[in-house]
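A.B. asks: Please read through the structure below; I'll follow up with questions.
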Amino acid sequence: MFDVLQRSLTFLVSVNDDGLIVAALEHSDLQENVTAYAAQVSGEPRLTLVQFVNSSEPLLFNTSFHGLCYTVGLLVKLGQSWSRPVKTVPVLTKPLPVRSVQISDYKESPETGVVFEIEPPAGNVFSRVNISFSEGQERRSMLYKDFYKGKTVFKHWLPGVCYRNITFQLISEATVYQTALVAHSDITHTPVHHRTGKTQDRSLFPGSAMGLPSDPPVLPTRLPPILLELRWLPPRPPTSYDGFNIYIYRDGKHAGTTVDENTHEFFTELTEQGTYRVQVATLSSSGDCEARESAADTGFTFYLGPGGELLEELRERPQAVSVRLLDSSTAAVSWASSSESHNGSLVSVVSTTCLRPSLSQRMENTYCSEENSTSDVISNLTPGAQYRVVVYHTNGPLISPPSEPVIIDIEPTGVRELAVYPLSPTAVILSWQRPYHVAFRKYVLQTFFFNPVTLASEWTTYYEIAATASIIASVRVTDLLPAWYYNFRVSMVTWGDPPLSCCDSSTVSFVTAPEAPHISSVDYSHGVLYVRWTYGELFIDLSHSRMLHWQVVAVGKKGPEKSYSIDVKQTLHIISVCYFQPHSSNISDFLKLLRTILTTVYLRQLRLHPPALPSPSV
């Protein structure tokens, strides 16, 4: 039954002028067994089914996308259910027109290249853009498809030509069942005009500048007339132009004139001294576009002295510039000889680190702005700073192009008067001073000690301090081990890649104080007093501790203080026993009863009890 319907139905689908999809049935397509008809539209995020209310009236469907290929299928209802599409028709919606257009020079090649930028409406789908324009008396068009985010570059127009009535038309394309579908947008935006730039004028020939025969000047200070003769070649075809603009600048003052396209030479008299800049630009002014001239990079500069002497422009930059440090505040600059004659050179120096600190941290006084010198020796440099050095050749007031810059880094001086002040067995104060003239980014504090956890000794960065304007600096160092040997080092670190630092000589050694032992128990039995104490943490190996002796101090009730010391290396983590008769009233009896301290090493891993004490001896 469905096959019969598919062969008999002539389902008509089209897009009207408003961009709506129109689906219609012919009267001869209606079947007796079919109770209802509907159109199924695919192309939106979801399938849409629209039922024909009246089979004689078409269905209208407003799409969300413009320039997209939709598929419209005809469904019929037999009984209570809809059939699958018995006929499908592809249809391509019409893209909406471009709203606005912008055309600008392509910076890399403004003579032949332009940047097209269009603003298509939202929901537009297009594959190509038809760009139409008038070139002279001819109307041309081209198809472009590489519009990324509405922008593309065209590089094949002719220089100096006025392109008129430029329009953009969006084109959508699709291929369905080997049939090509094409839809064009309307053109509603205002046509635009654009004139391309022009190529550089070729081979502008000055320099000749020669004296004219004349009577002796009335005023002795007056410059004898100098004839300036200019010749140039026109730009290569197919550049469109109708004249040349000639510009003569003297010490910034401008004078100019225009000649026609057939003139390729120009003469004028120069009667005043100064620095002259001469330029010739191609002019294009015919047509509806605004007039444009070529980029004025073609030209030359010369200096005319008070006596009529002529100094030519320097075009060659100094080569093989090198900088050699003589000491921390002086450097020598050298460069290769030049093929162009010149009567002097300038060395330009500027600090790249001067502006990096804040004003409160300023540590440099010179070269914060660019300074020029005719000497090849740079003085008053600041240790730790970084400098950019450039060389120029000079011919009177004329200056050559700059050399390639040379970056020099100077090592900082380092700190001085580094000192340690103890606070506790685990903390110290580290203090130092810096020289007044030095530039650096930060202080780096490092410690060197035997680490009982890693069983290694190495320099370790403990703290970093930003550079300050203060001459004196200090830092609190904590988490130290008591009775331990430490080295402390403070370095200055500069900017730069890689950064420089100084110096290893800024080092100080220190042994921290021991902690007080902890008396764990005091027992008295049979005239003997047992004293037990512990020291430090059980999990730290104290074999590298700098503590030499235990000192046990006993004070009799009526006698003087008596002390006794033991080698710590033999009694680490110990229990000590000291016994005497506490009720003795005679100091000599007390001294006789003072016994040697007996110790037993803790066996931490096995948790063993200490062995029995040997007999005491006087």
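The values are calculated or read from the model by the stated rules, or taken from the named source; none is laboratory data. Note that this is a predicted model, so its numbers are computed, not measured. Every residue, glycine as well, gets a Cβ built from its backbone with ideal geometry; the counts of neighbours run over all protein chains shown.
A.B. asks: Among the residues of segment 492-545, which ones are part of a strand (DSSP E or B) and under 22 Å from Ser474 (Cα atoms)?
C.D. replies: Within segment 492-545, Met492, Val493, Ser501, Cys502, Thr507, Val508, Ser509, Phe510, Val511 qualify.
A.B. asks: Determine, yes or no, whether Pro357 is closer than 18 Å to Lys442 by Cβ, at pLDDT 90 or above and not in a strand (DSSP E or B).
C.D. replies: no
A.B. asks: Can you give me the ranges of the strands (runs of 3 or more DSSP E) entirely in segment 247-349 with at least 3 residues that are over 37 Å from the mean Cα position of the chain (by Cα) and farther than 30 Å from Ser109 by Cα?
C.D. replies: Of the strands (runs of 3 or more DSSP E) lying wholly inside segment 247-349, those with at least 3 residues that are over 37 Å from the mean Cα position of the chain (by Cα) and farther than 30 Å from Ser109 by Cα span 265-270, 310-312.
A.B. asks: While we're here: Hand me the list of strands (runs of 3 or more DSSP E) wholly inside segment 71-184 holding 1 or more residues that are hydroxyl-bearing (Ser, Thr, Tyr).
C.D. replies: Ranges flagged: 87-92, 101-105, 128-135, 138-144, 151-154, 162-176, 179-184.
A.B. asks: Are there any pairs with C-beta distances below 7 angstrom linking a residue in segment 513-534 that is farther than 18 Å from Trp484 by Cα to a residue that is of a type in the set (S, T, N, Q) and surrounded by 11 or more Cβ atoms within 10 Å (Cβ to Cβ), with the two at least 6 apart or on different chains, and if so which?
C.D. replies: Matching pairs, first to second residue: His518/Thr534; Ser520/Thr534; Gly527/Gln581; Val531/Ser576; Arg532/Ser576; Trp533/Ser576.
A.B. asks: Here's something else I'd like to know. Based on what the data block shows, is Ser373 surrounded by fewer than 19 Cβ atoms within 10 Å (Cβ to Cβ) and either of a type in the set (A, V, I, L, M, F, W, C) or within 21 Å of Ser403 (Cα to Cα) (or both)?
C.D. replies: When the stated conditions are applied, Ser373 passes them.
A.B. asks: Hey, another quick one. I want to confirm something. Restricting to segment 324-340 and keeping residues that are surrounded by 15 or more Cβ atoms within 10 Å (Cβ to Cβ) and at pLDDT 90 or above, which single residue is farthest from His437 (Cα to Cα)?
C.D. replies: Looking at residues that are surrounded by 15 or more Cβ atoms within 10 Å (Cβ to Cβ) and at pLDDT 90 or above, I get Trp335.
A.B. asks: Do you know which residues across segment 341-358 are within 23 Å of Glu316 (Cβ to Cβ) and loosely packed, with under 13 Cβ neighbours inside 10 Å?
C.D. replies: Ser341, Asn343, Gly344
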